[in-house]
1. Would you pick out the residues in the stretch 188-229 that are closer than 21 Å to Leu279 by Cα, small (Gly, Ala, Ser) and out of contact with any Leu (no Cβ under 7 Å at 6 or more places or on another chain)?
2. Return the only residue of Gln77, Gln155 being within 22 Å of Gly36 (Cα to Cα), of a type in the set (S, T, N, Q) and crowded, with 19+ Cβ neighbours inside 10 Å.
3. Which residues, counting only those in the stretch 217-242, are part of a helix (DSSP H, G or I), among the small types (Gly, Ala, Ser) and without any contact (Cβ under 8 Å) to a residue 12 or more places away in the chain?
4. Taking only the stretch 232-248 into account, find how many residues are surrounded by 14 or more Cβ atoms within 10 Å (Cβ to Cβ) and within 23 Å of Asp281 (Cβ to Cβ).
5. Please determine, by comparing only the residues of the stretch 76-87 that are over 19 Å from the mean Cα position of the chain (by Cα) and either in contact (Cβ under 8 Å) with a residue 24 or more places away in the chain or not in a helix (DSSP H, G or I) (or both), which one is nearest to Arg268 (Cα to Cα).
6. So which residues in the stretch 135-156 are out of contact with any strand residue (DSSP E or B) (no Cβ under 6 Å at 6 or more places or on another chain) and not basic (Lys, Arg), if there are any at all?
7. Within the set of pairs 6 or more residues apart or between chains, which connect a residue that is farther than 15 Å from Val55 by Cα inside the stretch 124-139 to a residue that is of a type in the set (Val, Ile, Thr) and in a helix (DSSP H, G or I) with Cβ atoms less than 8 Å apart?
8. Count, please, the residues in the stretch 95-122 that happen to be aliphatic (A, V, I, L, M) and under 18 Å from the mean Cα position of the chain (by Cα).
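Each value in this text was obtained by applying a stated rule to the coordinates, not by laboratory testing. Bear in mind the structure is a predicted one, so any value in this text is a computation, not a measurement. Every residue, glycine among them, receives a Cβ derived from its backbone with ideal geometry; neighbour counts consider all protein chains shown.
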Amino acid sequence: MQTLQDAPALRAAIRSWRSKGQTVGFVPTLGNLHAGHQSLIKLARARTDRVVASVFVNPTQFAPGEDFERYPRTLAQDQAALADEECDLLFTPDVATLYPYGAENSVMLHVPQITDTLEGAHRPGHFDGVATVVCKLFNLVQPDLAIFGQKDFQQLKVIERMVSDLSLPVRVMAAPTMRADDGLALSSRNQYLSTAERARAPMIHDTLLKMRELLAKGHTWRVLEQVATAQLIRGGFEPDYVVIRRAEDLAEPAEGEQAGLIALIAARLGSTRLIDNLLFD
């Protein structure tokens, strides 16, 4: 597996593949990879001739006071994990490569409407940073296929909307959320949990499953949001939101609407902020 940091070398490698008629799959990451990331590489490996991953801790998607400085940088470990999955190329740009005029002076993309709620409301500017860096990476890698996990469901919808609206020639594929045996969604931030917090953390997934079960029994989504929020608070969580939305656009469903829904939760457990979701269909 090659590891490249500069854009010209990346483009040269991809031109070489293209000259042979090979297709390119892409998995962008923040690094500190786990089995969930490796599952995305597996999917890309099965669907394209060549696979590129990127590791870049993007400063523009972290708000002041978030964990940008302490986000784990584990490049050697990440390289080994990617090599195990037969990734062809790892792109590890520095900030100057992706933000040549400085992150604070960068042209920024804004995807309207879908970024105004949930994570967008609690982390202002977050999705502008995500959309901007993903668009930059798409322009550099020019993949045929890009794969994103469903755990960051709102992020997935933002990227799908950006690709559609800007007519970018890349197919975005959603991959199922990978979970530990007790249901906790795999995340790099899980390592921040204490032993006691880790034991409680699967309650988020249990709550999502209960919301789906009760909605199927005829309970209204508004009542379920209130009940689930109270349950998490009793369990020691500090919820940012516990909601049921339309999966297509994250809008509130109509009364009695059952099809095409998703439940989404963001909650703090101690100092760690966890997110998860569950499609109801």
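1. Ala216, Gly218, Ala228
2. Gln155
3. Ala230
4. Qualifying residue count, the stretch 232-248: 7.
5. Gln77
6. Selection gives Cys135, Phe138, Asn139, Leu140, Gln142, Phe148, Asp152, Gln154, Gln155.
7. Gly125/Thr60; Phe127/Val158; Asp128/Thr60; Gly129/Thr60; Ala131/Val158; Ala131/Ile159; Thr132/Thr60
8. So the count comes out to 5.
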